[in-house]
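A.B. asks: Could you have a look at this structure, given as structure tokens, before my questions?
Each value in this text was obtained by applying a stated rule to the coordinates, not by laboratory testing. It should be emphasised that the depicted structure is a prediction, and the values quoted were computed from it without experimental measurement. No Cβ is skipped: glycine too gets one built from the backbone with ideal geometry, and neighbour counts run over all protein chains shown.
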Amino acid sequence: MQMVEQGKLDLRTDIREYLPEGFFRKLKYDEPITLLNLMHHNAGWQERYTDLFYRQEDDVPDLKEALRIAEPRQVYKPGTVLAYSNYGASLAGYIVERQSGQPFIHTLMSIFLGCWEWRTLPFTRRCRTILPLPLQEARFRAIQQSGS
């Protein structure tokens, strides 16, 4: 919502305007899909996940590639049927990533820095190692101050 307040995102704009051309391959309907549809879980997707489990952390694809692999079929017109969508939530994260110009995990960490204790956040080792230096330093100071 911060990016909406900053004018970087519009809740009622067709999300295809925020994505690379040809991003979707399984859309059945031409009606716009908005961020509101993603937030309300009514973008029309029927989900079924396969090929998203990995034995090695280094094999895990980035968010864009994971969305490409897991794209579900759109079976309902946007706005007509409520169906919980992990894909839609992940897609919203990818849109934030593209509009902010930084990995989604960095956006989350910058928002929540100082709100929770770092040791309780469920981030993987790989995510921790990609923190920009200012966030690494802030994390170090927070841990020092908490006595952990």
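A.B. asks: Projecting each Cα onto the charge dipole of the range 1-48 (Lys/Arg +1, Asp/Glu -1 at the beta carbon, about the Cα centre), which of Leu36, Phe24, Gly7 comes out farthest on the positive side?
C.D. replies: The listed residue farthest towards the positive side: Phe24.
A.B. asks: Which of Glu57, Glu97 comes first, and how do the rest follow, when ranked by fewest Cβ neighbours within 10 Å?
C.D. replies: Placing the least packed residue first, the sequence is Glu57, Glu97.
A.B. asks: Taking the Cα-to-Cβ direction at Glu21 and at Arg98 and moving 7 Å from each Cα, how far apart do the two end points lie in nm?
C.D. replies: Between Glu21 and Arg98, the simple spin-label model gives 1.3 nm.
A.B. asks: I've got another one for you. Which of the three applies to the range 1-101, rounded, prolate or oblate, going by the alpha-carbon gyration tensor with a ≥ b ≥ c and a/c under 1.5 meaning rounded?
C.D. replies: oblate
A.B. asks: Something else now. Need the list of lysines near Lys26 for cross-linking: C-alpha distance under 21 angstrom, and skip anything on the same chain fewer than eight residues off.
C.D. replies: Filter leaves Lys64, Lys77.
A.B. asks: Please get the size of the charge dipole for the range 1-111, origin at its Cα centre, with Cβ charges of +1 on Lys and Arg and -1 on Asp and Glu, quoted in debye to the nearest 20.
C.D. replies: Roughly 360 debye for the range 1-111.
A.B. asks: Determine, for Leu38, Leu11, Leu108, the number of other Cβ atoms within 10 Å of each Cβ, and report the residues in order from fewest to most.
C.D. replies: Leu11, Leu108, Leu38
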